[in-house]
Structures are given as C-alpha cells and as structure tokens.
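No lab work stands behind these numbers, since they all come straight from the coordinates. These numbers come from a predicted model, not from an experiment. Quick reminder, even Gly has a Cβ in these numbers, built from the backbone with ideal geometry, and neighbours come from all protein chains shown.
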Amino acid sequence: MIAFISCKETNEEFLPDPEIVNPLTDFEMTKDPENAFKYSFKNLSSKFKRVEWRFGDDTLSTAVDPVHIYKGTGNYSVELRTYSETGNVSRKLAVVNINPDSVMQITAERTGVLNQVKLGVKVKAPIEAVAWTFNDVTPATTSNLLNPLKTYEPSTLNTVSARVTTKDGSVVTLRKTNATSNGFVTEITKERLSYTVSAENNYNAAEASQNIVDGNTETKFVIGGRVERAFNYPFIVTLNYSTPQEVKMYAVGNSNDLPNRDPKAWIIQGSNDGTNWETVDSRLMTKTFYAQMTDKGATTDIQRYKQLFYYGIENPKAFKSFRISISANWGEATMQINEWRLYK
C-alpha cells in the first residue's frame, strides 16, 4: 500500500510584543506665602496617562496640578504616582514639614500696668479663632480673646498655650513655659563668652565655681569654712557676653545641707566696659530659701532644696557683662549657691 500525504503551506503571522511605556515622575511644590498650611504641586512628569497624589494625611487627589491645605502641623510624606497607557507606574516622594514654631509666634507686651502683659499671636495663615490656656493657677484659666490681658505674679516663670484655628480649618497649638510680667524671656546663661568668680573652691573640684553656671540644680558651689576655699564678701560672679544683652530676669538656686549657707543679700550690676558698673536690681531676703519653700507648701526637703528662685528686673538695660555681688548669707562660715541664670 502506498500512502500519499500532502502538506499545506501556512503563513502564520507573529505580532511583535507591545511597546512598554515607562512614565517619568517628577514634581515641584510651593508653599503659599500667606498660608503656611497651603501647598501648590506642579506636575513635571512625562509619558503618563493618569496620576495619583497622596499627601501624607490620608487624602488623595487625581488632579494633574493640585493645591492642598493641611489641617494641622507635622511631617507629611507626599507621593506622586504616574501611570502610563500600558499600565506601568513610577513614583516620587517628598516631605512637607509644618512646624508649630515656624507657623505661629506668641507675643507678650507690657501694657504699662504693673505686672500686666497683653498677649497675642502671629500666624502665617488667616486666623478664625484663638483659644488660650493659662497654667499659672490651678485650675487653669482660659480665654477666647485675640489679645487677652494677663497679670502675672512678679518673679515667676509661667506656662501659656494658644490653639489657633485658621479660616480654612487648620489647627496649630503652641505652648510656652517662659511667660513673665515682663513678657517672654529666654535663658542666655550658656551663651556667655566667659565667666569669672572673685574666689574659687580649691579644696573640692566637685564643688567648684563651674557648678554655678552649668545648668544643673543637682550640683553646687561651696566657698568658705576652710583655708583652701577662703573668701571675703562680697562674693562676685561675672558673666561676659560678646554683644550687649538686655536681661529681664535672673534666677538664684539654693543648695542642700544647711539653709543658712544660702545667699541672703545681693545686688545685680551691668557694665559695657568692665569698669563702670550700674546696679539694676538688689535683694535682701527676710527668709531663707528653705523657709520660702515651706511657706509655698513644701513638706519635704526634696521640695525645699535645689530650687530656682526667679527675680525680675524692673527696668532692663543692655550690657555686655553682668555680675551678682553676694554680700551676706545667714550667718554660716560657708556660703553655697547652686545656680545663677540670666534671661533676656
């Protein structure tokens, strides 16, 4: 048997693989100069068909060039995803940082009335409402005025906070712990150029003069009572600065052991040449620091010792050098102090 098999010729056509389009993602963002919460985003991408913007606050936009208003302060991760006509995707990330201190400032100006200041806010956004909380008393007091008047006890540091709501509904809260009857103050002790003392403790380096300006209430300076740390009143500590500083307040810290070692009387002076000194404040205590804390309700030595006592300067002036001249303690041969701090 003979079989014949025929083969049919076929012309099968093979289509080329589709061309893949990879988008190129890029954008720039601009903060609104009148609103620190408002950002404009410009899409600089190419080869894309659609976009997705994620602003880091659980919101999404598919606009090509969106404008976004954040509702609060914080760090936000902005992501742009671009999709090509073939479904391929690429992305770019950036960070938006809205810091409360960069958005809002709390101000306090003396009114001319004794111990009274007028508070206010400066916000980089249109203001709708302000809510104030004052923690100088218990329970705290509040106000919804834009510029409330506040009277503070002299020689105290106080806490105040302001919560601002903008016209777009954004919220920013700022808390300050340095409100006084002279306005807000900032400690400048560590900004000094140098410091000097009229006598040094050469007996115990752990209780030497650096403890007066180290910012640590757990350390102290001790002088007197031994030959190696002999001194004469007045005992003087001088802080020198490279430029004139307007000091509004200062603090003196008491030490542990014996209350009668603490300062009783002193003057604060300023100078711009180191030769001519002007007195800006003077104090003569009628009670020891220990007794003052007892009067405030302290019941333990932990509450009475190692505390800071604040004193305002009624008419602040700018000087390059400031000194405290301690003329007496409470009768002990040894004198001690744990801090002297300056605030402008």
Note to self, the chain gives a 222 nm [θ] from helices alone (DSSP H runs n ≥ 4, -39500 (n - 2.57) apiece, / all residues, nearest 500) of -1000 deg cm²/dmol
Ranking THR279, THR156 by Cβ neighbours within 10 Å, fewest first, what do you get? THR279, THR156
Distances longer than 28 Å among the Cα atoms of the range 189-343: what percent of all pairs is that? 16
I need ASP257, ASP101 ordered by Cβ neighbour count within 10 Å, fewest first. ASP101, ASP257
Over the Cα atoms of the range 190-278, Rg to Rh with Kirkwood Rh, two decimal places? 0.95
Give me Rg/Rg_expected for the chain, where Rg uses Cα atoms only and Rg_expected = 2.2 N^0.38 Å with N residues. 1.66
For the range 74-144 and the range 186-236, compute the distance between their C-alpha centroids and round to whole Å. 42
Just want the ordering: VAL247, VAL113, from fewest to most Cβ atoms lying within 10 Å of their own Cβ. VAL113, VAL247
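Roughly speaking, what is the stretch gain from ASN75 to ALA318, that is 0.36 nm per residue apart minus the C-alpha to C-alpha distance, in nm to one decimal?
My answer for the length gained is 83.6 nm.
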Excluding residues fewer than 8 places away in the same chain, name every one of the lysines whose C-alpha is closer than 19 Å to that of LYS71. LYS31, LYS38, LYS122, LYS124, LYS167
Set the Förster radius R0 to 35 Å, insert the Cβ-Cβ distance between ASN276 and ALA140 as r into 1/(1 + (r/R0)^6), and round the FRET efficiency to 0.05. 0.15
Each label point is 7 Å from the Cα along the Cα-to-Cβ direction; what then is the distance between the points at ALA265 and THR294, in nm? 2.3
Scan the chain and report its longest stretch carrying no chymotrypsin sites (Phe, Trp or Tyr not before Pro) that are both in a DSSP loop and have at most 11 other Cβ atoms within 10 Å. 15-344
Please get the size of the charge dipole for the chain, origin at its Cα centre, with Cβ charges of +1 on Lys and Arg and -1 on Asp and Glu, quoted in debye to the nearest 20. 1080
What distance in nm separates the simple spin-label points at GLU332 and ARG110, each placed 7 Å from Cα in the Cβ direction? 3.5
If you split all Cα-Cα distances of the range 8-89 into 5 Å bins from zero, what percentages do you get per bin, shortest first? 3, 13, 21, 18, 12, 8, 7, 4, 3, 3, 2, 2, 1, 1, 1, 0
Directionally averaged projected area (convex hull, Cα atoms, the range 79-179), nm²: 9.2
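Can you tell me how much longer the chain between GLU28 and THR186 gets when fully stretched, taken as 0.36 nm per residue apart minus their C-alpha distance, in nm with one decimal?
Additional length available on full extension: 53.1 nm.
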Residues of the range 237-263 with backbone N under 12 Å of the label point set 7 Å from the Cα of ASN204 along Cα→Cβ are 256-258
